[in-house]
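A.B. asks: My questions all concern the structure below.
Since every read-out is calculated from the coordinates, none of them should be taken as a lab result. Note that the structure is a prediction, hence the values are computed from the model and not measured. Note that we place each Cβ from the backbone using ideal geometry, even for glycine, and neighbour counts take in every protein chain shown.
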Amino acid sequence: MESEVNRAKTILSILRGSFQLPDISEVCVDPFKTLIRTIISQSTAEVNTRRAFERLSSKMPITPKSLAEAENRDIEEALRVAGLYKNKTLVIKSVARIILEDFGGRLDFIYSTPLNEAREKLLSLPGVGPKTADILLLFCAGRPVLPVDTHVNRVSRRLGLVPMDVKDYEGVRSRLEELYEPRDYFAVHMLFIALGRRFCRARKPVCQKCPVNALCPSAGI
Ligand code: SF4
C-alpha cells in the first residue's frame, strides 16, 4: 500500500507541473448556481454546458425562487443547446421548489451538517447523484470528499490506482480517498479531468505525449 501511495503522490506531483489548477475559492461562488450548472452538465459537453448556463443566467436570476416560478418554456429555450433540455427543465424546477420550500431557499446545510448527513440530504434532491453531491460538498464547502466523474474514473483505472474490477462510484471514490490526503482531493479531481481531456481520452489516448506515461501500466493501449 505504501508504494501505491507513493506512486499516486508522484503522479499527482507530475500533473501539478503539467496543468494549471484553478483556485478552489473561484470554482463555486454560490452552491445553488453550482448545483444548477452541474445538473445542466449531465451528459453534456463542457462548452454546451457553459453556453446553456450563460443563456439561462441572462434570462433570469439563478435563484430557487426565480427558477421555481419560471415558465417551463423559458428554461427550455435557454437549455436547448445542452440536450435533454425538457427533462433538465423539469428537474431544475423541481429541485428549486424543494430547496425553496423545505430548505428555506438555501443550501447552507452543506457547510456545517455532519458530512454523511449533508450528503444524504443532497442525494434526496431530484437530479442529484453522488457526483453532483460530492462536487457541491468539495467545491463549495471544502468538505473532504473526492468527486468521481467519467474522466476521473477512466484515468484512475488506466493508471492502476483503482482496480479494474471496482466498478461502482463509491468503490472508486473510497479507493482514491484512501490513496490521497483530503487536502489533495480537489487537485486530484481537477487534474485527472485535465489529463483525461488532453491525453487520456476514452478513445485513442495519446500515451506517447502523456506526462505520466512512465508510471502508467496502461501506456501504449
Ligand atoms: S499513459 Fe496513456 S493510458 Fe496511461 S494515463 Fe497516460 S494517456 Fe492514459
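A.B. asks: When only DSSP loop residues count, what GluC sites (Glu not before Pro) in region 1-105 have their Cβ near at most 11 other Cβ atoms within 10 Å? Before the final figure, lay out the partial values.
C.D. replies: Details: sites: GLU2, GLU4, GLU26, GLU46, GLU54, GLU69, GLU71, GLU76, GLU77, GLU101; in loops: GLU71.
Here the GluC sites (Glu not before Pro) that fit, given the DSSP loop and packing criteria, are GLU71.
A.B. asks: Please identify every one of the trypsin sites (Lys or Arg not before Pro) in region 153-196 that sits in a loop by DSSP and has no more than 15 other beta carbons within 10 Å of its own beta carbon. Kindly include the intermediate steps, with their values, before the conclusion.
C.D. replies: Values: sites: ARG154, ARG157, ARG158, LYS167, ARG173, ARG175, ARG183; in loops: LYS167.
The qualifying sites are LYS167.
A.B. asks: Right, here's the next one. Mind listing the lone cysteines of the chain, meaning no other Cys beta-carbon sits under 4.7 Å from theirs?
C.D. replies: CYS200, CYS207, CYS210, CYS216
A.B. asks: Report ³J(HN,Hα) in whole Hz for each residue of region 90-107, in order, from the Karplus equation J = 6.51 cos²θ - 1.76 cosθ + 1.60 where θ = phi - 60°; Gly and Pro get x.
C.D. replies: Ordered by residue, 3J(HN,Hα) equals 5, 5, 4, 5, 5, 5, 5, 5, 5, 5, 5, 7, 9, 10, x, x, 9, 10 Hz.
A.B. asks: So how long is each side of region 26-140 along the principal axes, counting just the alpha-carbon atoms, biggest first, in Å?
C.D. replies: Per principal axis, max minus min of the Cα coordinates gives 38, 28, 24 Å.
A.B. asks: Once the Cα atoms of helix 169-179 and of the chain are each reduced to a long axis, what angle between those two axes, in degrees from 0 to 90 to the nearest 10, is obtained?
C.D. replies: 50 degrees
A.B. asks: So how tilted is helix 31-41 from the main axis of the chain? Cα-based, degrees 0 to 90, rounded to 10.
C.D. replies: The answer is roughly 70 degrees.
A.B. asks: Determine the relative contact order of the chain: mean sequence separation of Cα pairs under 8 Å and six or more apart, normalised by residue count, in whole percent. It would help to have the intermediate numbers written out before the result.
C.D. replies: Details: 251 pairs, mean separation 49.6, N = 221.
Reported relative contact order: 22 percent.
A.B. asks: Let me ask something additional. Give me the Kirkwood hydrodynamic radius of the chain in Å, from all C-alpha pairs, to one decimal place?
C.D. replies: 18.5 Å
A.B. asks: Once the dipole of region 26-140 is set up with Lys and Arg at +1 and Asp and Glu at -1 on Cβ about the Cα centre, which of ILE135, ALA70, CYS28 lies farthest towards its positive end?
C.D. replies: Checked the options; the winner is ALA70.
A.B. asks: Counting Lys and Arg as +1 and Asp and Glu as -1, each charge on the Cβ, what is the dipole of region 140-221 about the Cα centre in debye, to the nearest 20?
C.D. replies: 540 debye
A.B. asks: Let's see if you can work this out: charge +1 on each Lys and Arg Cβ, -1 on each Asp and Glu Cβ, no other charges. What is the dipole magnitude of the chain about its Cα centre, in debye to the nearest 20?
C.D. replies: 1000 debye
A.B. asks: Would you please name the trypsin sites (Lys or Arg not before Pro) within region 60-123 that are DSSP coil residues with at most 16 other C-beta atoms within 10 Å of their C-beta?
C.D. replies: Qualifying residues, ordered by number: ARG106.
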